[in-house]
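Peer 1: Mind looking over this structure? Questions follow.
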Amino acid sequence: MNFKALSLALLLAGASTVQAAEGQLSIGTEGAYPPWSMADAAGNVTGFDADVGNLLCEKLAMKCKFVVQAFDGLIPALKANRFDVIISGMSITQDRKKEIDFSVGYAELANMFVVPKSSDLAGIKDIDALLKGLEGKSIGVQTGTTHAHFVEKRIPSANLKTYDTLENMQIDLTSGRIDAAFADASALQDFLSKPDGKDFQFVDVKVQSKFDSTLGEGIGVGISKDNPELKAKIDEALCTLVADGSIGKASQKWFKMDISRPCN
């Protein structure tokens, strides 16, 4: 590598650290996963992710800048220094930790399946019976999520269909092109509360990380591996925001429940 190329590489490698040091924290988020993050036509982001980001920026005395990015492109974009951190309802998993660092977990999800009320799956209340009942079924998940990995591992006979957005998955569910949708309960509750969801229901089984490690270790902020100083600051800030109830209050606002995860 010549001197100019080396200089450019070093500049790119430090871009996110420099930007954060200048008082701005750029945050990658999906913007199409209500109520976690929603982006309007002007690029303005609202939702639980946005509230967590704004709380974090306030605690760090930084200005937030949200960057909308498809979920399956968030980690590659972080590694390419398009933004400083990811705040997008992202579960902490061993596979993802090979690519990037994570903050402490600040939220915990309940993952659930949604099916038509007329489905033979609707009355199941046991995880083993549910997994058996889903064998051979068409199951919708969002691309690149822990839900996709779980279905691939635990229900290999299922016809797995992946979608770039939650909305597109819900369209196929309502049209009968898939038998079930799998995502976090908070996101699917938004669908069930609308007219399009009136003929659908949750299967009464909360699929949690204790059933399989592919579901992760809580929700965390994704951070570049070359930015340990920023990780330390974010960890400290998140623990404070959970302890003082700020993140719990934000989750009550968007989910009508407290999904915050204590640091200890």
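Peer 1: Which of the numbered conditions does Pro228 fail, given that it passes all the others? Conditions: (1) touching a residue at least 24 places away in the same chain (Cβ under 8 Å); (2) outside the structural domain of Ala80 (by TED's automatic domain parsing); (3) over 23 Å from Trp254 (Cα atoms).
Peer 2: The failed condition is (2).
Peer 1: Restricting the search to segment 71-88, which residues are surrounded by 17 or more Cβ atoms within 10 Å (Cβ to Cβ) and either in a strand (DSSP E or B) or out of contact with any strand residue (DSSP E or B) (no Cβ under 6 Å at 6 or more places or on another chain) (or both)? I'd like the intermediate steps shown before the answer.
Peer 2: So the first thing to find is which residues in segment 71-88 are surrounded by 17 or more Cβ atoms within 10 Å (Cβ to Cβ), and the list is 71, 74-75, 78, 81, 83-88.
Once the filter is applied, which keeps residues that are surrounded by 17 or more Cβ atoms within 10 Å (Cβ to Cβ) and either in a strand (DSSP E or B) or out of contact with any strand residue (DSSP E or B) (no Cβ under 6 Å at 6 or more places or on another chain) (or both), segment 71-88 yields Phe71, Ile75, Asn81, Val85, Ile86.
Peer 1: Follow-up. Going by what's in this entry, would Phe182 be described as crowded, with 17+ Cβ neighbours inside 10 Å and either touching a Cys at 6+ places or on another chain (Cβ under 6 Å) or part of a strand (DSSP E or B) (or both)? Break it down into steps so the answer makes sense when it comes.
Peer 2: On the way: crowded, with 17+ Cβ neighbours inside 10 Å: yes; either touching a Cys at 6+ places or on another chain (Cβ under 6 Å) or part of a strand (DSSP E or B) (or both): yes.
Yes; evaluated as a whole, the condition is true for this residue.
Peer 1: Separate question: Within segment 117-158, which residues are hydrophobic (A, V, I, L, M, F, W, C) and more than 25 Å from Asp95 (Cβ to Cβ)? Explain how you work it out, then say what you get.
Peer 2: Step one: filter segment 117-158 for residues hydrophobic (A, V, I, L, M, F, W, C), giving 121-122, 124, 127, 129-131, 134, 139, 141, 148, 150-151, 155, 158.
Once the filter is applied, which keeps residues that are hydrophobic (A, V, I, L, M, F, W, C) and more than 25 Å from Asp95 (Cβ to Cβ), segment 117-158 yields Leu121, Ala122, Ile124, Ala129.
Peer 1: Then there is this: Quick one: His149 ticks every box in (1) touching a helix residue (DSSP H, G or I) at 6+ places or on another chain (Cβ under 6 Å); (2) surrounded by fewer than 16 Cβ atoms within 10 Å (Cβ to Cβ); (3) assigned to a helix (DSSP H, G or I) except a single one, so which number is it?
Peer 2: Status for His149: all satisfied but (2).
Peer 1: Name the pairs whose Cβ atoms lie under 7 Å apart, with the first residue in segment 33-50 and surrounded by 19 or more Cβ atoms within 10 Å (Cβ to Cβ), the second aromatic (Phe, Trp, Tyr) and part of a loop (DSSP other than H, G, I, E, B), and 6 or more positions between them or separate chains?
Peer 2: Note: pairs meeting the criteria are Gly47/Trp36; Phe48/Trp36; Asp49/Trp36.
Peer 1: Identify, please: which residue in segment 210-264 is among the hydroxyl-bearing types (Ser, Thr, Tyr) and touching a strand residue (DSSP E or B) at 6+ places or on another chain (Cβ under 8 Å) and is, among those, nearest to Glu108 (Cα to Cα)? If you could, list the steps in order and put the result at the bottom.
Peer 2: Going residue by residue through segment 210-264, those that are among the hydroxyl-bearing types (Ser, Thr, Tyr) are 213-214, 224, 240, 246, 251, 260.
If we keep only those that are touching a strand residue (DSSP E or B) at 6+ places or on another chain (Cβ under 8 Å) too, we end up with 224, 251, 260.
Numbers: Ser224: 22, Ser251: 11, Ser260: 6 Å.
This residue is Ser260.
The values are calculated or read from the model by the stated rules, or taken from the named source; none is laboratory data. Since we're looking at a predicted model, the values are computed, not measured. For neighbour counting, all protein chains shown are included, and Cβ atoms are generated from backbone atoms with ideal geometry for every residue, glycine included.
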